[in-house]
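The values are calculated or read from the model by the stated rules, or taken from the named source; none is laboratory data. Computed from a predicted structure; not experimentally measured. In this analysis, Cβ positions are derived from the backbone assuming ideal geometry, glycine residues included, and neighbour counts consider all displayed protein chains. What goes into the accessible areas is simple: the full protein's heavy atoms, side chains included, and nothing from ligands, DNA or RNA. Shrake-Rupley method; radii C 1.70, N 1.55, O 1.52, S 1.80 Å.
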Amino acid sequence: LRKFGRGWQNYYKVDWRVLPKLICHQIEKQRNSKITFAGSERPIEVARAMVFTSAKKDTDPNSIRMRMFREMSNANYDVHMMETIGQGEKCVDIQLAVEMLHYATVPNAYDVAILLSGDKDFVPALVRTRQKGKQLCIASMKIGCNRVLYESPHIRDYDVVWLEELLD
């Protein structure tokens, strides 16, 4: 927010089709710089991009947030929108963790999971996903990333991809 200011959404456009490719490119750069990964892996391709969120039933469909999710859907993201009722729990984190672990057990579903979040609540799912033999990368904004995600090497295989560094 500091870099772009309030209302940045009115002046900048996010190309949702490019974002997964940019993150994959950052992972490829890390692979190429580490001996343990160099030449041992096939190129990273995006198998699926999934978004988990919630909104109240009466949320204005023309709000910036709802337009963003439509843009993501139009860019071929699988947008999982749960309806929030009152102040109750949204269960979005649980839904994401279940999907990540489910696909970790499906043969050839993916090799590298990329979690775009800064929430430390995902740590148990990240650990289990790695135990299933999948590699993990976290992409996040610095200001919203819990330090556990970037200071604990046992939950990821790559350095955190900082999204601020991909913006221009």
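Residue by residue through the stretch 57-86, note down the ones that are among the hydrophobic types (A, V, I, L, M, F, W, C), assigned to a helix (DSSP H, G or I) and either over 22 Å from residue 18 (Cα atoms) or in contact (Cβ under 8 Å) with a residue 24 or more places away in the chain (or both). Full working, then the answer.
Here is the first cut: in the stretch 57-86, the ones among the hydrophobic types (A, V, I, L, M, F, W, C) are 64, 66, 68-69, 72, 75, 79, 81-82, 85.
From what's left, assigned to a helix (DSSP H, G or I): 64, 66, 68-69, 72.
Scanning the stretch 57-86 gives 64, 68, 72.
Counting only residues that are farther than 28 Å from residue 127 by Cβ and either open to solvent by less than 80 Å² (accessible area, probe 1.4 Å) or of a type in the set (A, V, I, L, M) (or both), how many does the stretch 85-112 have?
Here is the first cut: in the stretch 85-112, the residues farther than 28 Å from residue 127 by Cβ are 85-87.
Filter again for either open to solvent by less than 80 Å² (accessible area, probe 1.4 Å) or of a type in the set (A, V, I, L, M) (or both), leaving 85-86.
Of the residues in the stretch 85-112, 2 are farther than 28 Å from residue 127 by Cβ and either open to solvent by less than 80 Å² (accessible area, probe 1.4 Å) or of a type in the set (A, V, I, L, M) (or both).
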In the stretch 126-168, residues that are under 30 Å from residue 13 (Cα atoms), surrounded by 13 or more Cβ atoms within 10 Å (Cβ to Cβ) and among the acidic types (Asp, Glu) total 1
Picking from 123, 98, 127, the residue that is over 14 Å from residue 52 (Cβ atoms), more than 14 Å from the chain's Cα centre (by Cα) and assigned to a helix (DSSP H, G or I) would be 127
The residue that is modelled with the lowest pLDDT, considering only those in the stretch 15-62 that are surrounded by fewer than 17 Cβ atoms within 10 Å (Cβ to Cβ) and under 14 Å from residue 110 (Cβ atoms), is 41
